[in-house]
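As structure tokens, the structure follows; a few thoughts come after it.
The values are calculated or read from the model by the stated rules, or taken from the named source; none is laboratory data. Keep in mind that what you see is a predicted model, and the values were worked out from it rather than measured. Note that we place each Cβ from the backbone using ideal geometry, even for glycine, and neighbour counts take in every protein chain shown. With ligands, DNA and RNA removed, areas are computed over all heavy atoms of the protein, side chains included. Shrake-Rupley method; radii C 1.70, N 1.55, O 1.52, S 1.80 Å.
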Amino acid sequence: MIAMRATPAGRGVRGPFVVPARVLLAAGGLLSVALGSFNLVHELRSTNVDFVYVAVGGLVGLIWLVSLYLAWRGFRLAVFAAGLIAFTEFGVIASGHFVTAPWEIDIYAKHEGLPVAGVLIALLAACALTVTAAIVCWSHPTGHLRKLETLPVLLVSLLGAILAILHTTDNIARHDFGTGTPEDGAFAAAVAIILWLVGALWLGRARRTGAVAIMLGTFIVADAFITLQVVGGTPLSVIAAKSGVVWAGIALAMATLAVASFVAALTFLVAALAPRSPWAWIRRQSGSRLPSGP
């Protein structure tokens, strides 16, 4: 295998995340393996797959774990393998349960229990984060940002993503996606969650890219909430009556965090687009102490 070696010129290179990419790769990969294993058991119970499929899936999971360990040790081929398996898992899950099919997500959840719906949505997000981490880990496995000014946004995004998964799971139970189908609505929620999380990760280095991604993801979440719970036919009182007060609180908290993240991302975007003082640019280029003004 090809090992990643730190060079004297590259030791000071910082990664784009507030945590090392290999940490995110390990966390996202392990979560994906755990969620995928949980789903594989229910796939077999539902007779959606046979024992041969489960055996192959178990072998792939074992290879995935080994690749994550070797990726942590710094082998590039293992990083590639971990990202490739995550990408493949994303495609398999999306094509098997988030399209109109015999075992689409709402039918699958009705047969195996509501938790499997939340697991499927979380699995898509975990796989997407694993692929993102693998891409960064290829060149910056240990580098990370020292400034933690974007860490609050990342923590809010993580909490908001968890609440969005729970809220979408409850929507599947109530078939509450407006004119859309449960599989389309659940996949749109998964995409929004991925944009929200990936944008929060990239915000530290690529301010414009990260801010735009957060704004797109939170806009989808907030727009769905407004469409369904504010102007639609399922206000929070209906959710409280059908699912319980806790689920209504989850929906409201999710929307609140989405709006807060949108505003924060907009603030970062405006700051990144604002014109800077030419004297500051000259000082950075020359490295000399110049006067602060003309």
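Some values worked out for this structure:
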{"quantity": "Scope region 64-83; condition open to solvent by 60 Å² or more (accessible area, probe 1.4 Å), closer than 27 Å to Phe187 by Cα and either without any contact (Cβ under 8 Å) to a residue 40 or more places away in the chain or outside any helix (DSSP H, G or I) (or both); matching residues", "calculated": "Leu65"}
{"quantity": "Test result for Leu30, under 24 Å from Gly160 (Cα atoms), out of contact with any Ser or Thr (no Cβ under 6 Å at 6 or more places or on another chain) and either in a helix (DSSP H, G or I) or among the hydrophobic types (A, V, I, L, M, F, W, C) (or both)", "calculated": "yes"}
{"quantity": "Selection within region 170-229 - of a type in the set (S, T, N, Q), buried (at least 21 other Cβ atoms within 10 Å of the Cβ) and more than 15 Å from the chain's Cα centre (by Cα)", "calculated": "Asn171, Gln229"}
{"quantity": "Lone qualifier among Gly57, Gly91 - being surrounded by 14 or more Cβ atoms within 10 Å (Cβ to Cβ) and part of a helix (DSSP H, G or I)", "calculated": "Gly57"}
{"quantity": "Test: residue in region 136-144 that is polar (S, T, N, Q) and in contact with a Pro (Cβ under 6 Å, 6 or more places away or on another chain)", "calculated": "yes"}
{"quantity": "Test: residue in region 1-19 that is at pLDDT 90 or above, within 16 Å of Ala128 (Cβ to Cβ) and open to solvent by less than 30 Å² (accessible area, probe 1.4 Å)", "calculated": "no"}
{"quantity": "Identity of the residue in region 39-54, of a type in the set (Ser, Thr, Tyr) and open to solvent by 30 Å² or more (accessible area, probe 1.4 Å), that ends up nearest to Val116 (Cα to Cα)", "calculated": "Thr47"}
{"quantity": "Number of the exception - Thr234 against (1) modelled with pLDDT of 90 or more; (2) surrounded by fewer than 20 Cβ atoms within 10 Å (Cβ to Cβ); (3) β-branched (Val, Ile, Thr)", "calculated": "(1)"}
{"quantity": "Subset of region 174-232 [of a type outside the set (A, V, I, L, M, F, W, C) and either in contact with a strand residue (DSSP E or B) (Cβ under 8 Å, 6 or more places away or on another chain) or not in a helix (DSSP H, G or I) (or both)]", "calculated": "His175, Asp176, Gly178, Thr179, Gly180, Thr181, Gly204, Arg205, Gly232"}
{"quantity": "Some residue of region 143-166 being in a helix (DSSP H, G or I), of a type in the set (Gly, Ala, Ser) and open to solvent by 20 Å² or more (accessible area, probe 1.4 Å)", "calculated": "no"}
